[in-house]
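The values are calculated or read from the model by the stated rules, or taken from the named source; none is laboratory data. Model, not experiment: these values are computed from the prediction. Cβ placement follows ideal geometry from the backbone for every residue including glycine, while neighbour counts extend to all protein chains displayed. Quick note on the areas: whole protein, heavy atoms, side chains included, nothing else; ligands and nucleic acids left out. Shrake-Rupley method; radii C 1.70, N 1.55, O 1.52, S 1.80 Å.
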2 protein chains.
Amino acid sequence: MNDNEWEQKPMGGKRERTMVAILRVLYNAPGPLGSERIAQNLRNAGMDISERAVRTYLAEADECDWTRNLGRRGRLLTEAGRYEVDHALVIDKVGFIAAKVDQLAYQMTLDPATRKGNVVLNTATIQPKDLRASLNAMRKVYEANLSMGRLLTVASAGETIGPFRVPNGRCGIGTICSVNINGLLLRAGIATTSRFGGLLELRDGRPQRFTEIINYDGSSLDPIEVFIRGFMTSVGKAAKTGSGIIGASFREVPVAALPEVRRVAVLSEKLGLGGILALGGPNQPLLDIPVPQGRAGLIVCAGLNVMAAVVEEGIATTSAAMSSMCEYSALTDYREIHSVVASIK
Amino acid sequence: MNDNEWEQKPMGGKRERTMVAILRVLYNAPGPLGSERIAQNLRNAGMDISERAVRTYLAEADECDWTRNLGRRGRLLTEAGRYEVDHALVIDKVGFIAAKVDQLAYQMTLDPATRKGNVVLNTATIQPKDLRASLNAMRKVYEANLSMGRLLTVASAGETIGPFRVPNGRCGIGTICSVNINGLLLRAGIATTSRFGGLLELRDGRPQRFTEIINYDGSSLDPIEVFIRGFMTSVGKAAKTGSGIIGASFREVPVAALPEVRRVAVLSEKLGLGGILALGGPNQPLLDIPVPQGRAGLIVCAGLNVMAAVVEEGIATTSAAMSSMCEYSALTDYREIHSVVASIK
């Protein structure tokens, strides 16, 4: 390797940024879009771009196989295009998890009084033959209260969970995401700061300490997904014996809001959305994690703990945190899910 | 769950800190130590503690099964005690990876002129029956230049790699850690800043972009270990076809030192310790990752890429980054390792 090979020219940062912005509009659209609609969409988002420029980018995207030209119906994103959006500009995604939590908390519209509105889900898919074993593993986690709440939904291939369509040959499972707590707090006027996802050691059912930590603002990946993929949890064991390693999230709330936080936590449990695992005192460390002056620590179970228990059973899953939203009324209590499963079959 | 169960008393932070400090002295000791030696050791590290206080802590540690009392020979750390040190005070370990890199770079003593001194190793263990298949997978990574350098060492059960003793029924492999580059740069008066470990996409043998990032200062885990555990690499494929996902580390060096950095990189390659995958221009983004004014980006292959290729083959390994140091002269070129393996068998 000689000197020249090492030296990298600065990449065309602005061009790549524009391309990814265009692809992202298609990524988030329910179907194909034309260049006019894409340009309008980008201008609404504050980007100064002409329809003509968008057309030039789209021609290049066609060549890269990122988009397919459907003629008058516009462009459709290909699988390669989807991969491109997911993997381009990764530096923008560091801290992106924290931003996504805030975004979804704002979009969560459930009104506790009427029980109408959307909640945030984690979605997973499994092979249909693994459904019974998966639900069994999940039930034990729900019973031990190591999940977020008691509600879930199951869908077969071709059906949707919110905007997520279950692929052929798979079975979809939607579970409550811990972001819903942030949503309920936000509706009560309380802003939550998400600090890190970690592995939490339970002993005799009580949280002892975090054994690993990944800060939300220092990672492009959801920390809990990383821990589950790496087989670092023992949620099933924790559910059975009270001792084990589960996923948990550390957040902070303003000290002045503590009484209201307690009220919201009770409300959230009543709604089946899950409660709080531990709440720290004003300005006090919680499980040895210090908080800034004026804040209190708050620990919630990872919503993905139920799926961790499935993975621990050796069942192959694809799993995505904070990936969908659906109507609260579409969810079922885990104690009644077997009748739902029977009816969709 | 009622209010009281949530509220956590601040834990005995100072007591736990002292206990862990005592256990850590035993952790780093080659054999059992008495309370007097432990107290002396802690006072040398700036901690104000009496021998009598150490004895009280050790009695408690015996009860918790963290230490075993060997009478006049002192206390020995148990497996449970070792686990305790590894998992206690995790908040102290966030950013710990960056600190460990700096510490080891300083301790790396190899003198390029005399080729004498210590280098930093990653150590891994496998089952002896997997040794041949592992070395084959590793060889391809070395040949494709996706490893750190060309040197490694193999040891059978009971033998040592630096201070690391290979456990019964296992076979040990020591490979070059990418921290050695920091060590060589430091000897040339250049301080390196370690920013993140990531997954790097290669296409036709050339680095394209990072697809995932975990900052060293936001994690208690080594990012590359996390990616390998989660089966997120395709180092074997990259070695074979030139295209795939490998582990890599992003660092920064002062702009003024760039000519010397190039010289050290050539030297490092000559020593078999591995070179630089990409070097950015002054103040310029490298693979779209911006750097502060006055710095240049530097990307090196993860030393663990060779072990990633082994894991990708479905071979069970235990692996630890930056875990050992050994004499440079004890290492062998990968092209000659088969004869070494034959001789130790």
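Annotations for the structure displayed:
- Matching residues, segment B:7-50, being within 14 Å of chain A (Cβ to nearest Cβ) and either at pLDDT 85 or above or part of a loop (DSSP other than H, G, I, E, B) (or both): B:9, B:10, B:11, B:12, B:18, B:19, B:20
Rundown of residues vs (1) modelled with pLDDT of 90 or more; (2) more than 11 Å from residue B:183 (Cβ to Cβ), yes/no style:
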| position | (1), (2) |
| --- | --- |
| B:87 | no, yes |
| B:101 | no, no |
| B:106 | no, no |
| B:127 | yes, yes |
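- Listed here are the strands (runs of 3 or more DSSP E) enclosed by segment A:155-247 that have at least 1 residues being surrounded by fewer than 24 Cβ atoms within 10 Å (Cβ to Cβ) and within 14 Å of another protein chain (Cβ to nearest Cβ): A:193-203, A:206-215.
- Counted residues, segment A:60-80 - those being modelled with pLDDT of 90 or more, surrounded by 12 or more Cβ atoms within 10 Å (Cβ to Cβ) and either in a helix (DSSP H, G or I) or among the small types (Gly, Ala, Ser) (or both): 4
- Every test in (1) surrounded by fewer than 22 Cβ atoms within 10 Å (Cβ to Cβ); (2) within 18 Å of residue B:316 (Cβ to Cβ) is passed by residue B:139 save one, and that test is (2).
- Tally, over segment B:212-250, of residues that are under 20 Å from residue B:141 (Cα atoms) and of a type in the set (Ser, Thr, Tyr): 5
- Some residue of segment A:133-143 being within 13 Å of another protein chain (Cβ to nearest Cβ) and either assigned to a helix (DSSP H, G or I) or more than 30 Å from residue B:224 (Cα to Cα) (or both): no
- Test for residue B:317: is it farther than 22 Å from residue B:194 by Cβ, within 14 Å of chain A (Cβ to nearest Cβ) and under 24 Å from the mean Cα position of the chain (by Cα): yes
- Inter-residue pairs, beta-carbon under 6 Å, first open to solvent by less than 10 Å² (accessible area, probe 1.4 Å) and in segment B:268-293, second assigned to a loop (DSSP other than H, G, I, E, B), 6+ apart: B:268/B:275; B:272/B:149; B:272/B:150; B:273/B:149; B:274/B:148; B:274/B:149
- Residue B:229 being of a type outside the set (Asp, Glu), modelled with pLDDT under 95 and under 15 Å from residue B:304 (Cα atoms): yes
- Unmet requirement for residue A:308, which otherwise passes all of (1) within 14 Å of another protein chain (Cβ to nearest Cβ); (2) at pLDDT below 95: (2)
- For segment B:287-297, the candidate set comprises residues that are in contact with a Pro (Cβ under 8 Å, 6 or more places away or on another chain) and not in a loop (DSSP other than H, G, I, E, B); within that set, the residue that is nearest to the other protein chains (Cβ to nearest Cβ) is B:297.
- Selection within segment B:304-320 - part of a loop (DSSP other than H, G, I, E, B), in contact (Cβ under 8 Å) with a residue 40 or more places away in the chain and either more than 15 Å from residue B:216 (Cβ to Cβ) or open to solvent by 10 Å² or more (accessible area, probe 1.4 Å) (or both): B:313, B:315, B:316, B:317
- Residue among B:56, B:125, B:114 that is β-branched (Val, Ile, Thr), open to solvent by less than 20 Å² (accessible area, probe 1.4 Å) and more than 14 Å from chain A (Cβ to nearest Cβ): B:125
- Candidate set from segment B:327-341 (those that are at pLDDT 90 or above and among the hydrophobic types (A, V, I, L, M, F, W, C)); member that is nearest to residue B:248 (Cα to Cα): B:331
- Candidate set from segment B:264-286 (those that are touching a helix residue (DSSP H, G or I) at 6+ places or on another chain (Cβ under 7 Å) and facing chain A (nearest Cβ under 7 Å)); member that is modelled with the lowest pLDDT: B:275
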